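First the structure, in the form of structure tokens, and then the observations on it.
Since every read-out is calculated from the coordinates, none of them should be taken as a lab result. This is a predicted model, so every value here is computed, not measured. Cβ sites come from the backbone with ideal geometry, for glycine too, and all protein chains shown count toward neighbours.
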Amino acid sequence: MANVQSLDPSASPLDYYGWELRRQREAHGLKQGRLGDIIFCTGSLIGQIETTKKVPTRDFSERVDAALGTDGVFSRLVGLVLRSQLPNWFQPYAEMEAKAAYISTYQAQLVYGLLQTEEYARAVLATGMPDDLEGLLAARMERQRILEREQPPLAWAILDEAVLHRPIGGRGVMRRQLARLLEFTDHRWMRVQVLPYVAGEHTSLDGSFTTMRFDADPDIIYTEDLISGHMTANPETIKEASRRYAHLQAAALSVEDSAALIARVMEERYGDRPEQGAVA
């Protein structure tokens with residue numbers, strides 16, 4: 001990992017963040033331990049972030065800005081830092097997702113990333129055995145901030161019913177994840193539908209896909225395979241994806257009936273009772 005003296009601020013957003021944190025701290029005449037005391041963390045954590053051994057969180061950045069009076073510098077910079085922690089092949093998608101005016105997605109295996117709880121996301125990301133799980137997790141949670149904007153993208157998510165039944169992370173994690181989905185039942189910008197088992201064969205048996213529309217740029221279709229993701233603006237592909245999505249919407253339960261199914265699965269499959277193997 002980087003040494004304080006050798007840190008190159010031009011190497012990456014993370015390197016720049018560490019370099020700037022050290023510069024601002026020293027300009028205020030603070031030791032690492034003292035800054036840690038002020039923002040309620042350890043001096044060791046300050047040192048690890050300054051040398052890129054740890055990825056800063058948004059909460060950490062906001063506390064640093066408040067302590068050093070840096071007018072939101074670190075709160076703005078942390079978004080770039082966290083996006084840089086995403087896999088290289090995924091970063092172009094995240095950049096386009098952040099610019100989209102409308103997002104429509106069909107998910108056959110997992111809850112859509114923008115709707116995942118932190119503990120559900122942790123369980124999903126851990127399956128890839130990443131070197132820096134915490135960095136990836138923080139980056140995924142950062143992506144969700146687009147839903148908190150004053151003018152977020154209009155988004156529509158269709159989840160296969162199998163997504164509700166696959167016990168990612170255990171029963172408690174799933175219960176809270178399904179409860180999170182129910183929060184979007186009356187949401188102004190996000191709609192969630194469930195494609196039920198009884199729909200049988202459908203137009204996207206090939207797998208998940210996401211369409212993004214923009215105010216001034218061509219539509220984009222995003223898909224993933226075992227190794228990486230792929231984006232295309234090919235008009236014929238866009239047309240075919242739109243046709244398939246329309247059929248999926250028609251076959252899916254209404255937003256209200258979807259919420260009722262999610263609530264039923266949450267209670268019947270993940271209701272409050274001891275986890276398997278738990279000691280009473």
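Note on Ser10 and Val198: the model spin-label points, each 7 Å out from Cα along the C-beta direction, lie 6.4 nm apart. Based on the reciprocal of the average 1/r between different C-alpha atoms, the Kirkwood radius for the chain equals 20.9 Å. Here the relative contact order of the range 91-270, from alpha carbon pairs under 8 Å that lie six or more residues apart, stands at 29 percent. The charge dipole of the chain, taken about its Cα centre with unit charges on the Cβ of Lys, Arg, Asp and Glu (plus for the first two, minus for the last two), comes to roughly 520 debye.
Note that the range 140-150 has calculated 3J(HN,Hα) couplings of 5, 5, 5, 4, 5, 5, 5, 6, 9, 5, 4 Hz, one per residue in order, obtained from phi through the Karplus relation 6.51 cos²θ - 1.76 cosθ + 1.60 (θ = phi - 60°); glycine and proline are x. Straight Cα distances below 28 angstrom link Lys53 to the lysines Lys31, with same-chain residues fewer than 8 positions distant left out. Taking Cα centre as origin and charging only the Cβ of basic (Lys, Arg, +1) and acidic (Asp, Glu, -1) residues, the dipole magnitude of the range 163-280 rounds to 380 debye.
Identify the trypsin sites (Lys or Arg not before Pro) of the range 160-222 meeting these criteria: DSSP loop state and at most 16 other C-beta atoms within 10 Å of the C-beta.
Numbers: sites: Arg171, Arg175, Arg176, Arg180, Arg188, Arg191, Arg213; in loops: Arg188.
For trypsin sites (Lys or Arg not before Pro) across the range 160-222 that sit outside H, G, I, E and B with at most 16 neighbouring Cβ atoms in 10 Å, the list reads Arg188.
Note the angle between two axes, namely the Cα long axis of helix 255-270 and the longest principal axis of the Cα atoms of the chain, as a number of degrees from 0 to 90, rounded to the nearest 10. Tilt relative to the chain: about 70 degrees. Taking the Cα centre of each part, how many Å lie between the range 59-98 and the range 145-169? For the range 59-98 versus the range 145-169, the Cα centre distance is 22 Å.
Short-range pairs are left out: with C-alpha atoms under 8 Å and at least six residues apart, the relative contact order of the range 4-84 is 30 percent.
Placing unit charges on the Cβ atoms only, positive for Lys and Arg and negative for Asp and Glu, gives the range 11-89 a dipole magnitude near 140 debye about its Cα centre.
Relative to the present Cα-Cα distance, how much length would full extension add between Met129 and Arg76 at 0.36 nm per residue of separation?
Working: separation 53, 0.36 × 53 = 19.08 nm, distance 2.92 nm.
Roughly 16.2 nm would be gained on extension.
Taking 0.36 nm per intervening residue step and subtracting the Cα-Cα distance, what contour gain separates Leu154 from Lys31 on full extension?
39.7 nm
Summed over qualifying helices (DSSP H, 4 residues or more, each -39500 (n - 2.57)) and divided by its residue number, the chain shows a 222 nm mean residue ellipticity of -14500 deg cm²/dmol.
Residue-wise HN-Hα couplings along the range 33-45, as the Karplus relation 6.51 cos²θ - 1.76 cosθ + 1.60 with θ = phi - 60° gives them from phi, are x, 5, 4, x, 4, 5, 9, 6, 8, 8, x, 4, 5 Hz; Gly and Pro carry x. To two decimal places, what compactness ratio does the range 181-241 give when its Cα radius of gyration is scaled by 2.2 N^0.38 Å? Rounded to two decimals, the normalised Rg is 1.37. Among Val173, His202, His230, flag the residue with its Cα farthest along the positive direction of the charge dipole of the range 91-270, charges on Cβ as +1 for Lys/Arg and -1 for Asp/Glu. The residue sitting most towards the positive pole is Val173. Farthest toward the positive end of the dipole of the chain, out of Ala98, Thr52, Ser258, is the Cα of Thr52, where the dipole comes from beta carbon charges about the Cα centre.
Computed from Cα positions, the angle between helix 58-68 and the longest principal axis of the chain comes to roughly 30 degrees.
Quick check on the exposure proxy: order Glu201, Glu142, Glu134 from fewest to most C-beta atoms within 10 angstrom.
Numbers: Glu201 6, Glu142 21, Glu134 14.
So the ranking, lowest neighbour count to highest, is Glu201, Glu134, Glu142.
Once the Cβ-Cβ distance between Arg269 and Lys53 is put in as r, and R0 is 45 Å, what FRET efficiency do you end up with, to the nearest 0.05? Efficiency for this residue pair is about 0.65.
Taking a straight Cα-Cα cut-off under 12 Å and skipping sequence neighbours fewer than 8 places away in the same chain, the aspartates and glutamates within cross-link reach of Lys239 are Asp219. Its Cα gyration tensor gives the range 4-84 an equivalent ellipsoid; the semi-axes, largest first and in whole Å, are 17, 14, 11. A straight chain from Glu240 to Gln144 at 0.36 nm per residue would run longer than the Cα-Cα distance by 31.8 nm. Toward the positive end of the charge dipole of the chain, with +1 on the Cβ of Lys and Arg and -1 on the Cβ of Asp and Glu, the farthest Cα among Met190, Ser61, Pro153 is that of Ser61.
Taking amide H as placed 1.01 Å from N in the peptide plane, the amide H of Ala101 sits under 5 Å from that of Arg213, Phe214, Asp215, each at least 5 places away or on another chain.
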